[in-house]
Structure formats: structure tokens, C-alpha cells
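A.B. asks: One structure is given below, represented as C-alpha cells, and several questions about it will come after.
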Amino acid sequence: MADNGHQHGLDLLVSGCDSVYTVDELKRRLASGKPLRVKLGMDPTAPDLTLGHTVVLRKLRQFQDLGHKAVLIIGDYTAMIGDPTGRSKTRPMLTAEQIATNAQTYLDQAGKVLDLGADKLEVRHNSEWLTQLTFSDVVKLMSQVTVARMLERDTFAKRHAAGKEIYLHEMLYPIMQARDSVAIESDVELGGTDQTFNNLCGRDFQRAAGQPPQIVITLPILVGTDGKDKMSKSMGNYIGVTDAPSDMFGKIMRIPDDLMRQYFELLTDVPASTIGELVGPAHGNPRDSKEVLAKTIITKYHTADDADRAADEFRRVHGGGGSGLPDDIPTFAIPPDRLTEGLIAPIDLITLCGFEQTRGNARRIVAEHGIRLNGAVIEDALKPMSVTDGDILQRGRRKFVRLTLS
């Protein structure tokens, strides 16, 4: 029974993974019966988590459910450098205040996936040990990695070949991340496939420190809603963990059909056989399968009732019946001093009501015919237009606001 239990645990933990370094090592450590310390590092470089982040968090939760200890490393120190992974240029450095604010939201949102019980989760900040290093300590750490090894890294290799700058502080990043593994004596480190180099460095540093090298498990990178690039807030192709149910539903319904299998596999617990039925060639309308996907994900991060309401609203607005408007439209009172004889430039109204944060983005979305007033496309971002009480301003297909005059 014990062997069967270990095998079941192994099968679960390696399912959906891209690579495991190595499966035999993981099998041996699971068979020891000792709870493993499973590390996941997260740099709070942005204030919110996307569904892309949850791919690795869900794997970490599986370890927790099997009795292992999740060690979440908040990279408050490494975030000051910024992980160069996948970047064609140097990341801007963040302030301590920005990092602290982002870190708190990360913890709050990670709790939607992880078990936050003290016996299941250990939260550490890598400033605990990295700030204690002397310059001599840093030199010793750097002596364990050659420049040639660093330039093997895909990100650096591409930038070097293109003649783009690579700053020395960026090369410190994988060294600092590897030091995290030594500091917490991790047994396993999780990460996306883009973290393979960094995580394998952790194995090297642990060996040098006399520790058993951590097992490295990499997960596939979730493709964004555009169907092309990694899900990222900076790319605008993301679904946020804290997105409103209606926004989440609308974004999922618009993903390319060929992304459905990956989203089902990486973001849900729907059995493989059911996924095959939902996305296989024998299934009917892809829209129906996407609705199942959307409701499954929304139920995870909100409630089943929220998922049903979001589905009903989407059908009402996009299904060809009714007024085409959601029932609950927020109102926005236009400040009187922003009106000139009842007129206001669309670019001003768009930023005032929060549809876009900058005038540049507002101008762009108008140029893309993405803004409507009472159903009519606004063509000119700068030409003042007349507005009256009760007018409906619409951005794309999902955002509406009812205008009122103060």
C-alpha cells in the first residue's frame, strides 16, 4: 500500500510538467517518507497575479495536499534587480516601497490557490539572507559560475548576438536565486520552463554547499489570450486572478479555439478524458466548450453563482437577443467643469471614467474603433461630442458605463 501511495503521489506530481530533474531523485525522496521542502520564488515586480502564475501555484498546492511544505520565497531583494529571463532589454529597478506593496497583493492572491495554514506554508523574504552577504561573499558565489555558462542562457545569448547590452548586475540574478535554495535547504524547486537555467543553478550551489541538490520541476508557460505570447500584464494578453467574473468570462470566451486544451490542462482539474471530449474533433460548437472552461475557472476564483451570472450576461450581450446591454451598468458622473456647453472630447471622457489610464491609450482605442456612445462608434478622439443624462459609453464588448451629469 505504501509503495502504491508513493507511486500515486509521483504520478500526480509529474503530471502536466514539462521536465523533471530528475524523476528518479523525486521518487527516492518521496519514498523516504520525509516531508519535502518545496520552493517557489516569486518576484513582486507587478501588483497582481495572472492565471499564468497559477500554473506553478497549482502544482505547489498538489505538494501541499500530499503532506509536503510549500516554501514561498518573496523576492523582495531580487526584485530590485529584476529577472532578465525573456527580456530583450534590462528591467527597470523597483523601489523598496513598490516591492512591499506588490508583495502583499501577491500573498493575498496566492491564497486563492495555496493552503495558507502554518503547517502547510512557509513564507520567506530573500532579503533575510541576501542583505547579510559581504562583498567577499558575493565574489565567492560568483567564482562558482563561469561567464561561458552564463552566456549559455538563452536570454543572454540572444542579446549578446544582437549586440545589446548585458549588465553585470543581471548576471547576479541566477546566483541570488540559487543562493535562496541553499538558504532554505529546498528539496524541490518549481518554476516555468523559462526558469530552468536559474533553478538548475540552485542544484549546483547546493552541491557546493554540501547539500543534496534540489529536484527541479518545470511547468509549461501559459500562452496569453492573444494566442501568441506568454501571458503577461505588459503584453495586455492576461486574465487576472482578481478580474471581475464578467471580465474573466469575456476574456476566456475570446481565446483562440486551439488554446482551450492548454487552458483546461493547466488551469483546471477537469479529467483528461473529459477534456478530450470537450476539445476533440467530435465536439460541436467550440463556444460551448469555452463556456465550460470559463465557468470552471470563475468558480475557482469566485463562486459558481458568479460564473452563472457572468455566463447569462455574456449571452444577453453577445447572443443576439435583448437590448445587448448588461443589467448592472455602473454610473459615472461627469464633473461639470469638464463640460463646455454640454460637450466633452472623447479622449477626456475615456480617461476620466477609467476606461483607459493615459490619453495615448485612449487615442489608440478610439483609432481602433473600440469606443461607442449609445452604440455608435466614436471616430475622433479629440472632437468634442454632446452627452446627456443616461448615455451609455462602451469600451469593446465588455465594459459599459452610464453617464450622468452632475
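A.B. asks: How many residues does the stretch 333-353 hold that are open to solvent by 20 Å² or more (accessible area, probe 1.4 Å), out of contact with any Phe, Trp or Tyr (no Cβ under 6 Å at 6 or more places or on another chain) and in contact (Cβ under 8 Å) with a residue 40 or more places away in the chain?
C.D. replies: 7
A.B. asks: Restricting to the stretch 280-293, what's the tally of residues that are closer than 25 Å to Arg58 by Cβ, modelled with pLDDT under 90 and part of a helix (DSSP H, G or I)?
C.D. replies: Count: 2.
A.B. asks: Look through Pro212, Pro286, Pro281, Pro256 and report the one residue that is without any contact (Cβ under 8 Å) to a residue 12 or more places away in the chain and open to solvent by 30 Å² or more (accessible area, probe 1.4 Å).
C.D. replies: Testing whether each residue is without any contact (Cβ under 8 Å) to a residue 12 or more places away in the chain and open to solvent by 30 Å² or more (accessible area, probe 1.4 Å) leaves just Pro281.
A.B. asks: Can you name the residue in the stretch 23-64 that is open to solvent by less than 50 Å² (accessible area, probe 1.4 Å) and assigned to a loop (DSSP other than H, G, I, E, B) and, of all such residues, is nearest to Gln214 (Cα to Cα)?
C.D. replies: That would be Leu36.
A.B. asks: Arg309 passes all but one of (1) of a type in the set (D, E, K, R); (2) under 30 Å from Lys112 (Cα atoms); (3) open to solvent by less than 50 Å² (accessible area, probe 1.4 Å); (4) not in a loop (DSSP other than H, G, I, E, B); which number fails?
C.D. replies: The one condition Arg309 does not meet is (3).
A.B. asks: Hey, Asp180 hits all of (1) assigned to a helix (DSSP H, G or I); (2) surrounded by fewer than 20 Cβ atoms within 10 Å (Cβ to Cβ) but one; which does it fall short on?
C.D. replies: Single failed check for Asp180: (2).
A.B. asks: Just for the stretch 65-117: of the residues that are closer than 26 Å to Ile215 by Cα and in contact with a Gly (Cβ under 7 Å, 6 or more places away or on another chain), which one is modelled with the lowest pLDDT?
C.D. replies: Per the criteria, the residue is Gly75.
A.B. asks: Determine if the stretch 269-276 includes at least one residue that is assigned to a helix (DSSP H, G or I), among the aliphatic types (A, V, I, L, M) and under 14 Å from the mean Cα position of the chain (by Cα).
C.D. replies: no
A.B. asks: Taking the stretch 187-209, which residues are small (Gly, Ala, Ser) and either open to solvent by 40 Å² or more (accessible area, probe 1.4 Å) or more than 23 Å from Thr155 (Cα to Cα) (or both)?
C.D. replies: Result: Ala208, Ala209.
A.B. asks: When the stretch 249-284 is examined, which residues are found to be acidic (Asp, Glu) and under 16 Å from Ile297 (Cα atoms)?
C.D. replies: Scanning the stretch 249-284 gives Glu265, Asp269.
A.B. asks: Can you tell me which residues in the stretch 259-278 are of a type in the set (D, E, K, R) and open to solvent by less than 30 Å² (accessible area, probe 1.4 Å)?
C.D. replies: Within the stretch 259-278, no residue meets the criteria.
A.B. asks: Please find, within the stretch 238-253, the residue that is surrounded by the fewest Cβ atoms within 10 Å (Cβ to Cβ) out of those that are in a loop (DSSP other than H, G, I, E, B) and within 13 Å of the chain's Cα centre (by Cα).
C.D. replies: Filtering the stretch 238-253 for residues that are in a loop (DSSP other than H, G, I, E, B) and within 13 Å of the chain's Cα centre (by Cα), the one surrounded by the fewest Cβ atoms within 10 Å (Cβ to Cβ) comes out as Thr242.
The values are calculated or read from the model by the stated rules, or taken from the named source; none is laboratory data. Note that the structure is predicted; figures quoted are calculated from it, not measured. Glycine also receives a Cβ, built like all others from the backbone with ideal geometry; neighbour counts cover every protein chain displayed. Heads up: the accessible areas ignore ligands, DNA and RNA and are worked out on the full protein's heavy atoms, side chains in. Shrake-Rupley method; radii C 1.70, N 1.55, O 1.52, S 1.80 Å.
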